[in-house]
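Asker: Questions regarding the structure given below will be posed in turn.
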Ligand code: ATP
């Protein structure tokens, strides 16, 4: 495996070299594991490193962090830690552990173990390979479960027959890796997956873990393809009982994809979209408010996410009607769209059938959004207007007027303020 390691970018080789030194000093054995090894073999760039040590993982992470000037977050309960380096490389460090499951879909009971135990608790053979990066045995490849053969033969295989029962989220993970790397779930694994589904395991698992897997799926490069596969293989009712994999939903997802690409290309300087949230809202497009609220609660979506998911249902009809009016003033477009998140606006643009709505949204992003006025409270005072609630009203009127008339200078803004009935406020 040394030949693979030698081909890595310099900044990753540097981490490995520090890890090797620390493993020598602490007399622990250290290994690269999981997705990093899989992607190394596939020659897919990956800046998320997973290191497992036979020893105290927290101590190892601390030492690595100190010598690489990183930022350390410890997760004491799990004996793991994350080091983020200034160049954005992320290193997860864990103590090698053994896992047992008290009952199906429960969280595992964890105890210290060696590298074999640690690899045996993993989801698929392709994610259960390791490379020794300790001083003794540096570069040795560890592949108890023949993950490399599976990877080269493009197969997804679980490590033992109860794998999907122990952790049903692996069903979604299997689909994710299958679609991402063009692999195939091998027949025995596939039949165990189906058996687990028949037992209703996905309904039993902690909802927040399902949510996290769904978010990861929707963050993939081609999420539409993944959702199609999930709905074909297992349906979507595990996520929301009324979510039927109708053809229309895929059309919504495809339209959302097109619009996300348009936004990224047209407005590279605006903030990054949470594209996964747009896809999620598109999937839930036909759900009513009560259903949406119950889904957000059940899956414990964060407050900001819940608000955006909820606001779409409310905003679409209003925006779709008002923005279609030919003579709508720019300031009205602004008032309608400014309170909404970019994600909601993009989905409205994706799902409307009206050209005018699309154009008004484009104008909003291109021109009105982010309009700032130059006139401030001091300027109003010097015009003889007394401070008080009137200030806010004047400044809002000015903002709307600026959006409508596109004032080019502060002088033009002041001239507008003077046209307002100053007496009324003085
Ligand atoms: P990605 O490229 O999507 O980050 P990854 O393989 O690195 O893929 P992670 O979710 O970061 O995936 O997990 C890191 C490793 O932890 C996996 O490679 C796998 O070995 C193990 N793992 C993660 N989730 C599970 C699970 N549910 N069951 C067993 N092992 C898991």
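Asker: So, in the stretch 49-67, of the ones that are outside any helix (DSSP H, G or I) and on the phi < 0 side of the Ramachandran plot, which residue ends up farthest from the ligand (Cβ to nearest atom)?
Answerer: 56
Asker: Mind checking whether some residue in the stretch 14-36 is part of a helix (DSSP H, G or I), in contact (Cβ under 8 Å) with a residue 24 or more places away in the chain, within 15 Å of residue 143 (Cα to Cα) and within 16 Å of the ligand (Cβ to nearest atom)?
Answerer: Scanning the stretch 14-36 turns up at least one residue that is part of a helix (DSSP H, G or I), in contact (Cβ under 8 Å) with a residue 24 or more places away in the chain, within 15 Å of residue 143 (Cα to Cα) and within 16 Å of the ligand (Cβ to nearest atom).
Asker: Continuing with this model, one more query. Are there any helices (runs of 4 or more DSSP H) wholly within the stretch 71-186 with 2 or more residues that are over 25 Å from the mean Cα position of the chain (by Cα), and if so which?
Answerer: Answer list for the stretch 71-186: 115-120, 147-152, 163-166.
Asker: Just one of 417, 344 is surrounded by 18 or more Cβ atoms within 10 Å (Cβ to Cβ) and in the same structural domain as residue 312 (by TED's automatic domain parsing); which is it?
Answerer: Going through 417, 344 in turn, just one is surrounded by 18 or more Cβ atoms within 10 Å (Cβ to Cβ) and in the same structural domain as residue 312 (by TED's automatic domain parsing): 344.
Asker: Related question: Would you pick out the residues in the stretch 213-227 that are in contact with a helix residue (DSSP H, G or I) (Cβ under 7 Å, 6 or more places away or on another chain), more than 21 Å from residue 164 (Cα to Cα) and surrounded by fewer than 18 Cβ atoms within 10 Å (Cβ to Cβ)?
Answerer: 219, 220, 225
Asker: Hey, another quick one. May I ask you to verify whether residue 159 is surrounded by 16 or more Cβ atoms within 10 Å (Cβ to Cβ), over 30 Å from residue 260 (Cβ atoms) and within 12 Å of the ligand (Cβ to nearest atom)?
Answerer: In short, yes.
Asker: Still on this structure: Are there any helices (runs of 4 or more DSSP H) wholly within the stretch 262-365 with 1 or more residues that are closer than 28 Å to residue 204 by Cβ, and if so which?
Answerer: Here the list reads 275-283, 289-298, 303-322.
Asker: Can I ask one more? Of 184, 154, 98, which residue is at pLDDT below 95 and more than 12 Å from the ligand (Cβ to nearest atom)?
Answerer: Sole residue among the options that is at pLDDT below 95 and more than 12 Å from the ligand (Cβ to nearest atom): 98.
Asker: Considering every residue within the stretch 231-245, establish whether at least one is out of contact with any helix residue (DSSP H, G or I) (no Cβ under 9 Å at 6 or more places or on another chain), outside any strand (DSSP E or B) and within 16 Å of the ligand (Cβ to nearest atom).
Answerer: So far as the stretch 231-245 goes, no, none of its residues is out of contact with any helix residue (DSSP H, G or I) (no Cβ under 9 Å at 6 or more places or on another chain), outside any strand (DSSP E or B) and within 16 Å of the ligand (Cβ to nearest atom).
Asker: While we're on this one: Which residue out of 125, 95, 189 is outside the structural domain of residue 30 (by TED's automatic domain parsing) and in contact (Cβ under 8 Å) with a residue 24 or more places away in the chain?
Answerer: When all the criteria are applied, what remains is 189.
Asker: Out of curiosity, is residue 172 outside the structural domain of residue 300 (by TED's automatic domain parsing), within 16 Å of the ligand (Cβ to nearest atom), buried (at least 18 other Cβ atoms within 10 Å of the Cβ) and free of Cβ contacts under 8 Å to residues at least 60 places away in the same chain?
Answerer: yes
Asker: Since residue 273 meets every condition but one in (1) surrounded by 14 or more Cβ atoms within 10 Å (Cβ to Cβ); (2) over 17 Å from residue 346 (Cβ atoms), which condition does it not meet?
Answerer: (2)
Let's see how each residue does on (1) under 16 Å from residue 40 (Cβ atoms); (2) within 14 Å of the ligand (Cβ to nearest atom):
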residue: 69; (1), (2): no, no
residue: 112; (1), (2): no, no
residue: 115; (1), (2): no, yes
residue: 118; (1), (2): no, yes
residue: 141; (1), (2): yes, no
residue: 146; (1), (2): no, no
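Asker: Which residue is surrounded by the most Cβ atoms within 10 Å (Cβ to Cβ), if the candidates are limited to the stretch 37-48 and must be within 12 Å of the ligand (Cβ to nearest atom) and outside any helix (DSSP H, G or I)?
Answerer: 46
Asker: Only one of these is without any contact (Cβ under 8 Å) to a residue 40 or more places away in the chain and surrounded by fewer than 21 Cβ atoms within 10 Å (Cβ to Cβ): 198, 207. Name it.
Answerer: Going through 198, 207 in turn, just one is without any contact (Cβ under 8 Å) to a residue 40 or more places away in the chain and surrounded by fewer than 21 Cβ atoms within 10 Å (Cβ to Cβ): 198.
Asker: Confirm whether residue 407 is crowded, with 20+ Cβ neighbours inside 10 Å and free of Cβ contacts under 8 Å to residues at least 12 places away in the same chain.
Answerer: Criteria met by residue 407.
Asker: Now, a different point. Being surrounded by 16 or more Cβ atoms within 10 Å (Cβ to Cβ), over 19 Å from residue 331 (Cβ atoms) and modelled with pLDDT under 95 is true for just one of 422, 385, 394. Which residue is that?
Answerer: Going through 422, 385, 394 in turn, just one is surrounded by 16 or more Cβ atoms within 10 Å (Cβ to Cβ), over 19 Å from residue 331 (Cβ atoms) and modelled with pLDDT under 95: 385.
The values are calculated or read from the model by the stated rules, or taken from the named source; none is laboratory data. What you are looking at is a predicted structure, and each value in this text was computed from that prediction instead of being measured. Ideal geometry is used to build each Cβ from the backbone, glycine not excepted, and the neighbour counts take in all protein chains shown.
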